[in-house]
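As structure tokens, the structure follows; a few thoughts come after it.
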Amino acid sequence: MNACVWFEVCCGTVIAAATLAISAAQSADMNNVGQAAGTYELTICKNACSLSKPHNGFATVAVVLFDRAMTQKDMARIDPYQPYDPSANACYWFKRKLQAQSYAGIDERGVSSWLLSDHKIQFNLLRSPDASYVVELKRTCDSVVGTGRSGGVGGGAPPPEYTRDTVVGRRLGPADISACWPSH
């Protein structure tokens, strides 16, 4: 049984103390970029969703977070029209996208920069001069939970009905750039 599930199922003072100790250890891990780097599969929903009910989502996206900057060659394979960005250390590919009141999935694939701050992972899945889609996730065991937010200015500003999205997902393993190529 997964240690996280075991601790959620059991109860008592000893278990609570052990859970706090594990949470502290995970928090320490999340301070390390290498621990957060990896390949993730995310589901984006307008309402409540969970890993056990991914069909509630309007989009599924593979996101790869690297512990180093991407090479110019790798960036060109993913998005040949984007100029080289030496800070890019992530890539993504939307595997599925249904119509929704959200900027998520406007760009089917691309590169981004991610950062780890206050135990949260943050990155863009859309970035243009006037619009963006920002994801913020918190990792718990092998899953991630958070929000996605459409934003922009001027003509790129989202309408008021473009509310925050729920984002859930799981870490599939180490960073694997092939997850960002449609032939994967």
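The values are calculated or read from the model by the stated rules, or taken from the named source; none is laboratory data. The structure displayed is predicted, hence computed values, not measured ones. Ideal geometry is used to build each Cβ from the backbone, glycine not excepted, and the neighbour counts take in all protein chains shown.
Odds and ends about this structure:
- Output for the stretch 131-176, where each listed residue is touching a residue at least 40 places away in the same chain (Cβ under 8 Å), assigned to a strand (DSSP E or B), surrounded by fewer than 19 Cβ atoms within 10 Å (Cβ to Cβ) and among the hydrophobic types (A, V, I, L, M, F, W, C): Leu172
- Residues in the stretch 119-134 include none that are touching a Cys at 6+ places or on another chain (Cβ under 6 Å) and hydrophobic (A, V, I, L, M, F, W, C).
- Residue match in the stretch 59-81 (condition: out of contact with any helix residue (DSSP H, G or I) (no Cβ under 9 Å at 6 or more places or on another chain), under 19 Å from Lys120 (Cβ atoms), in a loop (DSSP other than H, G, I, E, B) and at pLDDT below 95): no
- Residue check for Ser117: loosely packed, with under 14 Cβ neighbours inside 10 Å, closer than 18 Å to Thr60 by Cβ and free of Cβ contacts under 8 Å to residues at least 40 places away in the same chain: no
- Taking the listed residues Ala179, Ala88, Ala104, the one that is more than 16 Å from Gly57 (Cα to Cα), in contact (Cβ under 8 Å) with a residue 12 or more places away in the chain, in contact with a Ser or Thr (Cβ under 8 Å, 6 or more places away or on another chain) and in a loop (DSSP other than H, G, I, E, B) is Ala88, with no other qualifying.
- Looking only at the stretch 45-57, residues that are surrounded by 15 or more Cβ atoms within 10 Å (Cβ to Cβ) and either at pLDDT 95 or above or in a strand (DSSP E or B) (or both) come to 1 in all.
- Check on Val61, aliphatic (A, V, I, L, M), within 16 Å of Ser150 (Cβ to Cβ), in the same structural domain as Glu41 (by TED's automatic domain parsing) and buried (at least 16 other Cβ atoms within 10 Å of the Cβ): yes
- Any hit, the stretch 18-33, residues being crowded, with 21+ Cβ neighbours inside 10 Å and either in contact with a Leu (Cβ under 6 Å, 6 or more places away or on another chain) or at pLDDT 95 or above (or both): no
- Every residue from the stretch 42-101 that is among the polar types (S, T, N, Q) and within 16 Å of Trp181 (Cβ to Cβ): Thr60, Thr71, Gln82
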